[in-house]
Amino acid sequence: MPYHQKRYENVIASQGREKTYNLMEYLQPPKNGLYRCRLVYTISHDANIPHAIDVTYHKYEKRVIQSLKIVHDDTIEYFYKSKNRDTLEKLFSQRGEGDDILIIKNNLVTDTSSANIALYSEGIWITPKNPLLKGTTRARLLDEGKIIEADIEVGTLQNFTKVALLNAMIDFDILDTCEFLV
């Protein structure tokens, strides 16, 4: 939760606002089952109007990922989680036979459509230095020293022996099998 709180506060600050709330006070998850919590904060153009927070819960089923289709987009930007995922959905539609996509920007690995990525080589887990979104699980694992940041060129993917996807729902999910599709 501290990483989600920090991300929320950074977004609010990026909009020139100071007032933030404790997100824990807004959370009342269902008692049974696995759910993804979606927090949407709406910021008015009028600085005198406080931002609103809307919380919804959605049943969560983990997707099985065994292949990632490599897609290129040198202009994509996704600094903050957003309801507008049009560009990500457009890229995801190019996955063909792939279970998900691996987005390449300026010849560098960034993220999948819904998770940060880490690649394993010679005893080290490496995550892209410049992902599209600096996720909360990624931030925590960096702070814990479990992963390190580095630029990963698309041409070096064959040098890695393991792939892990990371986000708040799946934590650090090492894939049993992962094929990169060109």
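Derivation of every value follows stated rules applied to the coordinates shown; laboratory data play no part. Every value quoted in this text rests on a predicted model; they were computed, and no experiment measured them. So basically every Cβ, Gly included, is an ideal-geometry build from the backbone, and we count neighbours across all protein chains shown.
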Region 60-154 shape via C-alpha gyration tensor axes, a/c threshold 1.5: rounded
On the formula 1/(1 + (r/R0)^6), with r taken between the Cβ atoms of S82 and T161 and R0 of 41 Å, the FRET efficiency rounded to 0.05 is 0.75
The value for the chain (convex hull of the alpha-carbon atoms, volume per residue, Å³) is 134 Å³
In debye, nearest 20: dipole of region 1-75 around its Cα centre with unit charges on the Cβ of K, R (+) and D, E (-)? 440 debye
Anything over 32 Å Cα to Cα? Flag those among K83/K146; K6/K90; K19/K62; K31/K162; K62/K134; K90/K129, in the order listed. K19/K62; K31/K162
Between L142 and V182, what length in nm is gained on full extension when 0.36 nm per residue of separation is reduced by their alpha carbon distance? 11.5 nm
